[in-house]
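Taking it in order: structure first as structure tokens, then the write-up.
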Amino acid sequence: MNLINHIQELFHKSGHLAYGEGVTELQHALQTAQLAEQDEAPDTLVVVALLHDVGHLLHGLPEDVAESIFFLCSDEAYAISGVTLPIDYGWQVAVTYNEYPK
């Protein structure tokens, strides 16, 4: 499965879920892309706006992000500082090697 098909499948499967603010995940994605387009943003920025929360559609990510934040705020995370810590089930690495999380 290529990346575009995978993203389409994610929205088909989970786009109807509530994002919050009275809209679904899909509605939120379309709204942000439309706003970028109305601002005459470059096409790449419109795509980024469209997909900026795609992680919410992967494996219940919002709950996992909350658990990770609780950990990072705990005493056990004392040695972790000054880094960007992706909580994405290996998505960034997978894209590099064309192996997408199931």
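Yes/no matrix, rows are residues, columns are (1) surrounded by 14 or more Cβ atoms within 10 Å (Cβ to Cβ); (2) modelled with pLDDT under 90:
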| residue | (1), (2) |
| --- | --- |
| Leu26 | yes, no |
| Ala29 | yes, no |
| Glu76 | no, yes |
| Trp91 | yes, yes |
**Asked** Pairs under 9 Å by beta carbon, first residue under 11 Å from Leu58 (Cα atoms) in the stretch 6-21, partner surrounded by 12 or more Cβ atoms within 10 Å (Cβ to Cβ) and of a type in the set (Phe, Trp, Tyr), six or more apart or different chains?
**Response** His6/Tyr100
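Yes/no matrix, rows are residues, columns are (1) at pLDDT 65 or above; (2) of a type outside the set (Phe, Trp, Tyr); (3) closer than 23 Å to Tyr19 by Cα:
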| position | (1), (2), (3) |
| --- | --- |
| His56 | yes, yes, yes |
| Gly60 | no, yes, yes |
| Glu63 | no, yes, yes |
| Leu72 | yes, yes, no |
| Val83 | yes, yes, no |
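The values are calculated or read from the model by the stated rules, or taken from the named source; none is laboratory data. Keep in mind that this is a model prediction, so the values were computed, not measured. With ideal geometry, Cβ positions are generated from the backbone for all residues, glycine too; neighbour counts draw on all protein chains shown.
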